[in-house]
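Notes follow the structure.
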Amino acid sequence: MLAIIAIVTAQTGFGYFSIVFVVSYAGGEQVGLSRTVTFAALLSAQLAGTVLTPVFGALADRIGLRPVIAFGLTFSAVLAFPFFALVRGDWPAGLFIAMVLANGVAATAIVAVAGTLVTELFDPGVRYSGMGLARETGNMIGAAATPLLAVQLAHLGVGTWPLSVLLVALSAIGGLGLQAVRRRARPVAA
């Protein structure tokens with residue numbers, strides 16, 4: 001169950017980092033882009049995610065769930081530092097690129113297939129309660145803690161590197177959870 005909590009914490013942490021923190025950060029005094037630009041970038045990222053969800057699902061059918069989730073976690077970590085180089089007040093297109101890559105691609109790779117992975121880990125008799133408890137605990141941690149922590153890190157006055165470290169840490173947490181997950185054999189229906 002802790003492995004699922006870790007994966008879901010990373011998944012929702014990335015998502016809420018983009019849809020809550022980055023929109024405020026880019027449209028606030030730190031970057032100074034207009035609200036129209038920030039919401040258009042968010043919409044672009046969500047549209048990319050909508051298009052890519054079935055693509056990642058089909059990819060998982062061919063290569064497996066774990067490699068697709070691992071790609072999302074790894075790509076999120078790799079993107080963590082360049083992300084803030086792209087988010088600049090003098091280049092609105094950079095925000096679109098950063099948001100589409102981070103939320104539309106990296107986070108979507110995880111979200112698109114994590115639900116299937118989670119359901120495979122519980123026996124049918126406890127699937128809903130186990131999945132619900134693990135997913136909602138991870139959602140609570142990722143969705144609530146990540147944006148709050150990001151706001152605090154952004155106001156340290158030391159640049160964006162602490163925010164990038166937060167994203168790398170989320171990737172590491174998700175990666176540890178993914179490594180801890182062992183494939184369970186599904187019982188054969190009688």
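The values are calculated or read from the model by the stated rules, or taken from the named source; none is laboratory data. Bear in mind the structure is a predicted one, so any value in this text is a computation, not a measurement. Glycine gets a Cβ as well: all are built from the backbone with ideal geometry, and neighbour counts include every protein chain shown.
Just a few scattered comments:
- Restricting segment 171-190 to residues that are part of a loop (DSSP other than H, G, I, E, B) and within 24 Å of the chain's Cα centre (by Cα), the residue that is modelled with the highest pLDDT is Val181.
Yes/no matrix, rows are residues, columns are (1) in contact (Cβ under 8 Å) with a residue 40 or more places away in the chain; (2) in contact with a strand residue (DSSP E or B) (Cβ under 8 Å, 6 or more places away or on another chain); (3) not in a helix (DSSP H, G or I); (4) not charged (D, E, K, R):
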{"position": "Pro82", "(1), (2), (3), (4)": "no, no, no, yes"}
{"position": "Gly94", "(1), (2), (3), (4)": "no, yes, no, yes"}
{"position": "Leu101", "(1), (2), (3), (4)": "no, no, no, yes"}
{"position": "Thr119", "(1), (2), (3), (4)": "no, no, no, yes"}
{"position": "Thr137", "(1), (2), (3), (4)": "yes, no, no, yes"}
{"position": "Leu163", "(1), (2), (3), (4)": "yes, no, no, yes"}
{"position": "Ala169", "(1), (2), (3), (4)": "no, no, no, yes"}
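- Filter pass, Gln30 being within 24 Å of Pro162 (Cβ to Cβ), modelled with pLDDT under 95, polar (S, T, N, Q) and assigned to a loop (DSSP other than H, G, I, E, B): yes
- The residues listed here are Gly15, Gly64, Gly72; of these, the one that is of a type outside the set (A, V, I, L, M, F, W, C) and on the phi > 0 side of the Ramachandran plot is Gly64.
- Scanning segment 40-82 for residues that are more than 20 Å from Val111 (Cα to Cα) and in contact with a helix residue (DSSP H, G or I) (Cβ under 7 Å, 6 or more places away or on another chain) yields a total of 1.
- Given (1) part of a helix (DSSP H, G or I); (2) buried (at least 23 other Cβ atoms within 10 Å of the Cβ); (3) not aromatic (Phe, Trp, Tyr), index of the condition Thr36 fails: (2)
- Just so you know, in segment 72-128 the residues that are of a type in the set (Gly, Ala, Ser) and surrounded by fewer than 17 Cβ atoms within 10 Å (Cβ to Cβ) include one that is modelled with the lowest pLDDT, and it is Gly125.
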